[in-house]
Amino acid sequence: MTDETFRLEAYNSNIESGRVKWASPSNIALIKYWGKREQQIPENPSISFTLSECKTITEVSFSKKEGNNFSFDVIFEGVKNEAFKPKIQTFFERIEPYMPFLRDYHFTIETSNTFPHSSGIASSASGMSALALCLMEIAKDLGIVEQDFNQKASFLARLGSGSACRSVEGPLVVWGENDTVSNSSNLFGVKYEAEVHSNFKNYRDTILLVDKGEKQVSSTVGHKLMFGHPFAQERFQQAHKNLADLDKVLQSGDLSEFNKIVESEALTLHAMMMTSMPYFILMKPNTLEIINKIWQFREETGSKVCFTLDAGANVHVLYPDAEADKVLDFIKTQLVAYCQNGHYICDTVGFGAEKL
Ligand code: DP6
């Protein structure tokens with residue numbers, strides 16, 4: 001399969017206007033995507049849990065227009081927003097070969113998140129996948145998409161933000177070609193189809209908001225720093241090996257092994273940042289305090305709780321549904337003190353985007 005597969009045919013529709021609406025969740029990577037080539041092609045495979053509560057809801061109204069430019073407005077949480085426009089302009093430019101109607105309509109993009117904007121939670125995965133799904137829905141209304149809707153939506157979402165291609169479906173999505181998952185692709189995310197052990201059913205993710213500020217280094221810049229990084233090739237190989245190991249663990253239900261792989265991935269991601277040139281640190285002192293508390297709690301109680309990190313200071317606390325009461329109590333009594341204003345978000349693994 002190549003990019004050409006995703007080129008939609010010229011359309012012939014006299015639809016003047018319409019409205020579509022989708023909700024798309026965020027996702028949390030277990031094996032991390034860090035490093036990419038041109039056209040958002042990942043340097044290594046990744047796999048993520050799709051979340052259910054943290055999501056973006058996007059409604060796109062479209063109406064026929066004259067002229068040959070891209071024309072759109074963005075309304076974020078009820079207020080006209082100029083700041084998001086350049087990212088969407090770039091997205092439109094990238095996806096134009098696949099969406100032949102983009103210059104023929106004016107789009108009003110109304111979007112909001114279920115999580116607070118300034119929470120340090122990346123909204124690019126949920127935001128870009130929600131927008132990609134709305135554009136796919138319009139393509140469907142115009143009569144140019146008949147099959148492989150999710151795959152095409154994931155392909156488009158990837159061109160907006162790499163991790164967004166893993167938000168269309170759930171509960172586990174793999175992106176990036178690898179030998180472990182036979183239908184994997186660099187072009188889109190695929191649902192992890194193997195039978196997953198019941199230990200992972202309704203897996204919990206409580207996101208501890210350690211730092212809600214703007215990150216000093218964006219993911220896009222961070223990915224670029226993997227070019228010429230002294231440990232890049234070893235890291236990309238390691239991701240393949242970790243994915244092969246995690247594949248076994250997801251089927252066997254071995255939570256101790258799960259924790260080893262997931263925590264090692266999180267720390268390796270941040271180790272890559274610390275060993276880039278220029279180097280940077282996104283963890284905060286409280287990130288480390290929380291990690292140490294989790295290790296101590298596990299040691300003392302035999303709990304299977306673990307952590308992972310995104311490209312930021314917040315900590316995702318992952319644990320089995322069966323331990324929910326115990327771990328939530330631990331979070332409230334021992335970890336909330338390290339969160340900014342005591343804020344945290346309770347989420348659970350989910351099943352992907354929904355048409356509204
Ligand atoms: C650390 O998908 O945000 O969360 O493709 O430049 O938009 P762009 O980057 P992005 O990178 C996410 C990196 C990560 C790991 C992951 O989600 O796999």
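Data table
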read-out: Rounded if a/c under 1.5, otherwise prolate or oblate - the stretch 1-60, Cα gyration tensor axes; value: oblate
read-out: Derived scalar couplings ³J(HN,Hα) [the stretch 55-68; Karplus, 6.51 cos²θ - 1.76 cosθ + 1.60; whole Hz; x for Gly, Pro]; value: 8, 10, 10, 10, 10, 10, 9, 10, 9, 4, 9, 8, x, 10
read-out: Cross-link partners of residue 304 among lysines (Cα-Cα below 22 Å; sequence separation of 8 or more within a chain); value: 32, 201, 248, 260, 293, 326, 332
read-out: 126, 161, 24 arranged by Cβ crowding within 10 Å, fewest neighbours leading; value: 161, 24, 126
read-out: Order of 249, 262 - criterion: other Cβ atoms within 10 Å of each residue's Cβ, fewest first; value: 249, 262
read-out: Dmax and Rg, reported as Rg then Dmax, of the stretch 134-264 (C-alpha, Å); value: 17.3, 50
read-out: Viscosity 1.002 mPa s, 20 °C: Kirkwood-radius Stokes-Einstein D of the chain over Cα pairs, µm²/s; value: 103
read-out: Nearby lysines by direct alpha-carbon distance to residue 36 (threshold 24 angstrom, same-chain neighbours under 8 apart not counted); value: 85, 87, 152, 191, 215, 224, 241
read-out: Rg/Rg_ref, the stretch 183-243, where Rg_ref = 2.2 N^0.38 Å and atoms are Cα; value: 1.59
read-out: Burial ranking of peptide ranges 206-218, 58-70 (average Cβ count within 10 Å, highest at the top); value: 206-218, 58-70
read-out: Where labels lie 7 Å past Cα in the beta-carbon direction, separation of residue 182 and residue 147 in nm; value: 1.9
read-out: Cβ-based net charge around residue 327, under 15 Å, with every Lys or Arg adding one and every Asp or Glu removing one; value: -2
read-out: Convex hull per residue volume in Å³, alpha carbons only, for the stretch 233-288; value: 73
read-out: Where a label projected 7 Å from the Cα of residue 5 along Cα→Cβ would reach, residues of the stretch 180-211 with amide N under 13 Å; value: 182-191
read-out: Low-density loop cleavage sites - GluC sites (Glu not before Pro) in the stretch 145-177, where at most 13 other Cβ are within 10 Å (DSSP); value: 146
read-out: Segment residue 72-residue 201, extension gain: residue separation times 0.36 nm, minus the distance between their alpha carbons; value: 42.4 nm
read-out: Per-peptide average of other Cβ atoms within 10 Å, ordering 339-347, 99-107 highest first; value: 99-107, 339-347
read-out: With Cα atoms, 0 to 90° folded angle of helix 232-252 axis to the chain main axis; value: 80
read-out: Residue-span extension gain [residue 321 to residue 220] - 0.36 nm each, minus C-alpha spacing; value: 33.0 nm
read-out: Given charges at beta-carbon only (K, R positive; D, E negative), |dipole| of the chain in Debye; value: 580
read-out: Rg to Rh, two decimals, where the stretch 156-203 supplies the alpha carbon set and Rh follows Kirkwood; value: 1.01
read-out: Options 239, 176, 216, ranked by Cα towards positive dipole end of the stretch 167-243, top entry (Cβ charges); value: 216
read-out: Over the stretch 1-148: Kirkwood hydrodynamic radius from C-alpha pairwise inverse distances, Å; value: 16.6
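Bear in mind these aren't lab numbers, they're just calculated from the coordinates by the rules spelled out. None of these values were measured; they are calculated from a predicted model. Cβ atoms come from the backbone with ideal geometry, glycine included; neighbour counts cover every protein chain shown.
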